[in-house]
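First the structure, in the form of structure tokens, and then the observations on it.
The values are calculated or read from the model by the stated rules, or taken from the named source; none is laboratory data. Only a predicted model underlies this, so the values are computations on that prediction, with no experimental measurement involved. Methodologically, a virtual Cβ is constructed for each residue, glycine included, from the backbone with ideal geometry; neighbour enumeration extends over all protein chains shown.
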Amino acid sequence: MVKKQKLTATQLKDFAIKTFGDSNLGRCPKSLDPEINPDLQSPGVSILGNPKGLSEQIRGKFAWRWHQDKDHLPKTEGLDMNSLYVVMLYGVKIPPEGTNGQPHTTNFLDMVEAYHNLDSQHRQQLEQLSMYHLSPISPPPGEEMPRKLHPIVSTHKVTGRKGLYLGSDNSILLGLEDNLEEAKQYWQDLFGKILSCTPVYAHVWQPGDIVFWDNSQVMHTGMPYDALKYQRIGLRVGVVNNI
């Protein structure tokens, strides 16, 4: 984490690339949105929250659940999901509280620690299993839902450490493709077990904070806030190190 920063979207992306690797997760350049400060806009940098002012139209609202970014893509623009994949999140404007009345946070869960906190028999069982990871957003009509089959337990290419890779609660255990209710219940039971034995880090945001993590070994969730009462602006960029 780095605190007390004042960066444009382009400066944030440049910092991420120079620090961790190539930003080959970017999208094609788009024309600037005239309703949003141009300093917040740069190809490959996502704007989260309600940057146009108080509104129920919230960018990234689907992230208000535990997940790992872009886990559904067969390859994230060429990225093997066991590679180092750093996500940077920069808090430009922060609401003073969430809908629970507590300070606004993003919560994180170390999936390497989670793996080692399970008993050995459970770890051995999980090492035999895989899940399909699906997009949190429905595709346009006529397009197929992108998904990736990924082992629940995998070894990181850089650190050599084993961790759990669960995606989000719409992930489907291999073999349960025709029973989505059972698949969802399996995921929820497994994740509930993990939460019961692994501490959660809740980052209390201050304007100017940059928080970054290895997406392939850490899960996170945004926390809800009242977008009709408060404005939130966050900038997100992902960078990868293909080793």
key: Matching residues in segment 121-159 - criterion: being outside any loop (DSSP other than H, G, I, E, B) and exposed (fewer than 11 other Cβ atoms within 10 Å of the Cβ)   = Gln121
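Could you please find all residues in segment 168-192 being touching a strand residue (DSSP E or B) at 6+ places or on another chain (Cβ under 6 Å) and farther than 11 Å from Ile152 by Cβ?
The initial filter retains those residues of segment 168-192 that are touching a strand residue (DSSP E or B) at 6+ places or on another chain (Cβ under 6 Å), namely 168, 170-174, 183, 186.
Result: Ser168, Asn170, Ile172, Ala183.
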key: Those residues of segment 160-174 which are farther than 20 Å from Thr221 by Cβ and either among the basic types (Lys, Arg) or in a loop (DSSP other than H, G, I, E, B) (or both), in sequence order   = Gly160, Arg161, Lys162, Leu174
inquiry  = I'd like to know if segment 2-11 contains one or more residues that are at pLDDT below 95, under 25 Å from Asp110 (Cα atoms) and of a type in the set (Val, Ile, Thr).
reply    = no
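Scan segment 207-217 and tell me whether some residue there is surrounded by fewer than 18 Cβ atoms within 10 Å (Cβ to Cβ), under 17 Å from Gly91 (Cβ atoms) and over 17 Å from the mean Cα position of the chain (by Cα).
Here is the first cut: in segment 207-217, the residues surrounded by fewer than 18 Cβ atoms within 10 Å (Cβ to Cβ) are 207-208.
Retained after the next criterion (residues that are under 17 Å from Gly91 (Cβ atoms)): 207-208.
The next check asks that each one be over 17 Å from the mean Cα position of the chain (by Cα); those that pass are 207-208.
Checked segment 207-217: at least one residue is surrounded by fewer than 18 Cβ atoms within 10 Å (Cβ to Cβ), under 17 Å from Gly91 (Cβ atoms) and over 17 Å from the mean Cα position of the chain (by Cα).
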request  = May I ask you to list the residues in segment 167-189 that are under 17 Å from Met145 (Cβ atoms) and of a type in the set (Ser, Thr, Tyr)?
outcome  = Ser168, Ser171
Breaking point among (1) touching a helix residue (DSSP H, G or I) at 6+ places or on another chain (Cβ under 9 Å); (2) touching a residue at least 12 places away in the same chain (Cβ under 8 Å), for Leu176 = (2)
note = Taking first residues from segment 35-60 that are more than 24 Å from Val86 (Cα to Cα) and charged (D, E, K, R) and second residues anywhere that are part of a loop (DSSP other than H, G, I, E, B) and modelled with pLDDT of 95 or more, the pairs with Cβ under 6 Å that are 6 or more apart or on different chains are Glu35/Lys52; Glu56/Ala227
